[in-house]
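Below is one structure, written out as structure tokens, with a few remarks after it.
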Amino acid sequence: MDSSRHLVAHLGLDLAAICLLTFAIYYPRHRRRDLVPAYLALNVALFTVVAALARVGGNGGAALGFGLFGVLSIIRLRSDAVQHEEVAYYFTTLVLGLLCGLPHLPFTAAAGLSAVLLLVVYAADHPRLFARSRRTVVTLDTVHADPAALRADLTRRLGEPFHWTVMEVDYVRDLMVVDVRYREPAPDAGRQAGPSRTAHRAAPAWETV
């Protein structure tokens with residue numbers, strides 16, 4: 001009976017933690033409904049496997065452990081569909097399931113460690129943290145041989161550039177593609193638009209800062 005109560009208490013803690021992570025932190029900030037069931041299902045499934053490992057023990061537990069390792073090893077997060085911060089949510093989901101599913105970890109310790117995880121994710125992914133820092137890939141309608149001229153052009157078009165990488169130079173079409181990390185101007189600062197031929201190509205979802 002005590003073990004059943006322990007399991008139910010840890011399950012309740014796990015459900016509360018993953019619901020806070022998903023519905024109170026992740027979804028209000030990123031609005032990706034398709035990842036909500038993925039986080040919930042992955043967390044609860046991992047909790048279930050860990051709880052089963054504790055109950056089986058012996059050779060059965062070892063077999064389940066190898067099976068768990070195999071399942072986790074085939075999970076692939078496509079970089080063109082999932083951003084880096086969303087990968088962080090994936091790993092937090094996994095760790096919450098592991099923490100809450102450990103049978104010999106006291107409830108207070110599991111609750112405290114889960115709270116620390118949630119607080120770290122809340123703070124690290126807060127919209128006000130580096131709110132004006134951006135990354136984009138821009139195609140310029142001219143080739144700048146002088147880095148100072150390139151910096152001035154990027155500043156005029158985007159804002160203050162921190163770092164940039166020239167990805168492509170095309171002398172035939174007279175254009176260059178630059179990967180830029182920059183600071184957006186303040187909302188009240190006026191900014192003139194660049195020449196009409198300048199094209200901005202949105203960076204892949206995982207590249208956006």
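The values are calculated or read from the model by the stated rules, or taken from the named source; none is laboratory data. Please read these numbers as outputs of a predicted model, since none were measured by experiment. Neighbour counts run over all protein chains shown; Cβ positions are idealised from the backbone, glycine included. The accessibility values were calculated without ligands, DNA or RNA, using every heavy atom of the protein model including side chains. Shrake-Rupley method; radii C 1.70, N 1.55, O 1.52, S 1.80 Å.
Values computed for the structure shown
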| quantity | calculated |
| --- | --- |
| Scan of the stretch 67-107 for residues that are at pLDDT below 85 and out of contact with any helix residue (DSSP H, G or I) (no Cβ under 9 Å at 6 or more places or on another chain), ordered by number | PHE69, GLY70, SER73, ILE74, ARG76 |
| Lone qualifier among VAL120, VAL95 - being among the β-branched types (Val, Ile, Thr), under 30 Å from HIS163 (Cα atoms) and either open to solvent by 40 Å² or more (accessible area, probe 1.4 Å) or without any contact (Cβ under 8 Å) to a residue 40 or more places away in the chain (or both) | VAL120 |
| The stretch 132-151, subset free of Cβ contacts under 8 Å to residues at least 60 places away in the same chain and open to solvent by 60 Å² or more (accessible area, probe 1.4 Å), residue nearest to MET176 (Cα to Cα) | ALA145 |
| Whichever residue in the stretch 12-30 is open to solvent by 60 Å² or more (accessible area, probe 1.4 Å) and under 13 Å from the mean Cα position of the chain (by Cα) and, among such residues, is modelled with the highest pLDDT | TYR27 |
| Candidates ALA152, ALA123, ALA110, filtered to the one that is part of a helix (DSSP H, G or I), modelled with pLDDT of 85 or more and farther than 29 Å from ARG29 by Cβ | ALA152 |
| Of all residues in the stretch 159-199 being open to solvent by 80 Å² or more (accessible area, probe 1.4 Å) and within 11 Å of ASP141 (Cα to Cα), the one that is modelled with the lowest pLDDT | SER196 |
| Condition met for ALA145 (of a type outside the set (D, E, K, R) and part of a helix (DSSP H, G or I)) | no |
